[in-house]
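Shown next, in structure tokens, is the structure this report addresses.
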Amino acid sequence: MFSGKVVLITGASSGIGAATAISFASKGALLALTGRNAINLQNIAEKCEEKSNSKPLTIIGDLTIDSDVRNILDTTIKSYGKLDILINNAGILASGSIEDTTIEQYDEIFATNVRPVYLLTHLAVPHLIKTKGNIVNVSSLAGLRAFAVVLAYSMSKAALDHFTRCVSLALAPKHVRVNSVNPGVIITDIHARSGMLKTEYIEYLKKMNDMHPIGRVGEAEEVANAIVFLASDEASFITGETLSVAGGRQHVCPR
Ligand SMILES: NC(=O)c1ccc[n+]([C@@H]2O[C@H](COP(=O)([O-])OP(=O)(O)OC[C@H]3O[C@@H](n4cnc5c(N)ncnc54)[C@H](OP(=O)(O)O)[C@@H]3O)[C@@H](O)[C@H]2O)c1
């Protein structure tokens, strides 16, 4: 399905990005995988290699550092000579409302979830125009719906969704599609990394199972399936879309 296609995935060392890398590998893609944790990234690269017999390129980098972002793109182009698909997946989560989110926390969220997406996409676009490629941004249900207690994160994902819409219009005449996936709660390390204790996480998941009409939270592979679909020729007439992968939660209203 993706034979000969070069796919660059940020945040490939964990969770949704890792599942996406493995799925693309099983469909024949040539991968450029990036993250900060070298050991985790290597483990995922090995799993990809088992699926495809082709060794992914791994690039260690911190997306909050502009020179690392530039290096990620440059290394991909130097190694493969082109780019077909960009998956802007890396992100961090933080809780807090307007009363208890500091401006420093706001800056940290935007520095990770928004700014590098802008820069990496800006750098990648000339290459994507050449290949008539596409972009999938990993947003969140929090970009589409309002959650009082995840303010900065929700704002960052709403910014990402509007980025998807605006960039899709700019690039449609150049045959580059741009879409987002908007997951509900998915089991990954992101909640623990945001400071949630294990006991809190168990309670949170119980509550969240009920919040999703399908009756459970999601798995990283279910988001990966949607990303791979949007990146494929099966989605050839879809651009500027924000696709909820949320078990129906996007339509829930308290009653
Ligand atoms: N899990 C959910 O419930 C959920 C729901 C909606 C949306 N999402 C979105 O899905 C995306 C992936 O999240 P996940 O759940 O898979 O989380 P995760 O398991 O914590 O993975 C996050 C990934 O982002 C990378 N990353 C974070 N900060 C980075 C930085 N400064 N520089 C480079 N890489 C960085 C991490 O790299 P290292 O580990 O190598 O540092 C890791 O690979 C995020 O954009 C998140 O907002 C998740």
The stretch 210-250: relative contact order from alpha carbon pairs under 8 Å, six or more residues apart, as a whole percent, is 66 percent
Between the Cα axis of helix 103-113 and the main Cα principal axis of the chain, the angle (0 to 90°, nearest 10) is 40 degrees
In order over the stretch 238-255: 3J(HN,Hα) from phi, Karplus 6.51/-1.76/1.60, θ = phi - 60°, whole Hz, x for each Gly or Pro, gives 10, 8, x, 8, 10, 9, 5, 10, 9, x, x, 5, 4, 9, 6, 10, x, 9
Flagged as over-length at 20 Å C-alpha distance, from K47/K82; K82/K132; K47/K132, the pairs are K47/K82; K47/K132
In the structure shown, of K27/K78; K5/K157; K5/K174, the pairs separated by more than 25 angstrom at the C-alpha atoms are K5/K157
The answer for the chain, accessible area per residue at 1.4 Å probe in Å², is 49 Å²
Expected vector for the stretch 207-220, Karplus 3J(HN,Hα) from phi with 6.51, -1.76, 1.60 and θ = phi - 60°, integer Hz, x for Gly and Pro, equals 5, 5, 4, 6, 6, 9, x, 5, x, 7, 7, x, 10, 4
For the chain, longest principal axis from Cα atoms; helix 115-131 axis from its Cα atoms; angle between them, nearest 10 degrees, is 30 degrees
Using the Kirkwood radius over Cα pairs of the chain, the Stokes-Einstein translational diffusion coefficient at 10 °C and 1.306 mPa s, in µm²/s and rounded to a whole number, is 87 µm²/s
Partner lysines whose C-alpha sits under 18 Å from that of K206, ignoring same-chain residues fewer than 8 away, are K198
The relative contact order of the chain, taking Cα pairs under 8 Å that sit 6 or more residues apart, comes to a percentage of 19 percent
Restricting to aspartates and glutamates and to Cα separations under 17 Å from K55, and discarding same-chain partners fewer than 8 apart, the set is E46
Placing each pseudo-label 7 Å from Cα in the direction of the beta carbon, I129 and M211 end up separated by a distance in nanometres of 4.1 nm
From most to least accessible, 1.4 Å probe, no ligand or DNA/RNA atoms counted, M1, M196 line up as M1, M196
For the chain, the longest principal axis of the Cα atoms and the Cα long axis of helix 38-52 enclose an angle in degrees, to the nearest 10, of 60 degrees
Excluding ligands, DNA and RNA, the carbon-plus-sulfur percentage of the accessible area of the chain with a 1.4 Å probe reads 56 percent
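The values are calculated or read from the model by the stated rules, or taken from the named source; none is laboratory data. Predicted model, so just to flag it, every value in this text is computed and none were measured. Here the Cβ is made from the backbone with ideal geometry for all residues, glycine too, and neighbour counts use every protein chain on show. The protein model used for the area step is the full one, side chains on, heavy atoms only, and it has no ligands, DNA or RNA in it. Shrake-Rupley method; radii C 1.70, N 1.55, O 1.52, S 1.80 Å.
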